1. Within the range 76-91, can you find the residues that are part of a loop (DSSP other than H, G, I, E, B) and either farther than 19 Å from residue 23 by Cα or modelled with pLDDT under 95 (or both)?
2. Select from the range 142-170 the residues that are within 11 Å of the chain's Cα centre (by Cα) and among the β-branched types (Val, Ile, Thr) and list them in ascending order.
3. Can you name every residue in the range 21-54 that is of a type in the set (Val, Ile, Thr) and assigned to a loop (DSSP other than H, G, I, E, B)?
4. Return the residues of the range 41-70 that are over 12 Å from the mean Cα position of the chain (by Cα) and aromatic (Phe, Trp, Tyr); say none if nothing qualifies.
5. Taking the range 137-170, which residues are closer than 13 Å to residue 124 by Cβ and surrounded by fewer than 14 Cβ atoms within 10 Å (Cβ to Cβ)?
Amino acid sequence: MTLATAIVVHQSPASAATTLGPFRIVGEDSGKCMDNPNSASGNGVGQIIYTCNRNFPINQQWYFDETDSGYYWIRNRASNKCLAVSGAAVTINVAIVQYTCNNGNNQEWLPKFWGTNPDGRDYYYLVSRGGVTRDQFSIHVKNGSNSNSAALIQYYQVGGSNSRWTWYKP
């Protein structure tokens, strides 16, 4: 599946060119969903993986908002906040948090195709626009954990299955 084939749902925030979703974003290694814990609404809340709820709750729903740079904000439906590298850090092992959507490079992500898994789904790295060099970092599950509430972090784009994601409408 590519973003281009997804359905445009609505136009928000105002500066977004195209909004796609909402989607369930699922890690290849864990099979668990990206999750905004307890539908938190505050800035700086660390984002996690959690067992995908069959009812598709809004804290597990994500929009891809295209930015003028060609990257995407990944925005949670429950909080209306974007995934961000905490403190706009340009180092590894830094938390992926939610923050009010703005024009920071630490909030812009580019899906980079990895390949098709035996499950038939296309998987991608979610590559940060921030970093010392562009495309240096991507979203990973900390320590490759498959446990509920495992943290999302920024790490080198090294190719492990804990850094590959797919998304779809359930």
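The values are calculated or read from the model by the stated rules, or taken from the named source; none is laboratory data. Computed from a predicted structure; not experimentally measured. Ideal geometry is used to build each Cβ from the backbone, glycine not excepted, and the neighbour counts take in all protein chains shown.
1. So in the range 76-91, the residues part of a loop (DSSP other than H, G, I, E, B) come out as 77-81, 89-91.
The answer is 89, 90, 91.
2. 153, 166
3. Filtering the range 21-54 down to residues of a type in the set (Val, Ile, Thr) leaves 25-26, 45, 48-49, 51.
The answer is 45, 51.
4. Within the range 41-70, 50, 56 qualify.
5. Those that are closer than 13 Å to residue 124 by Cβ and surrounded by fewer than 14 Cβ atoms within 10 Å (Cβ to Cβ): 159, 168.
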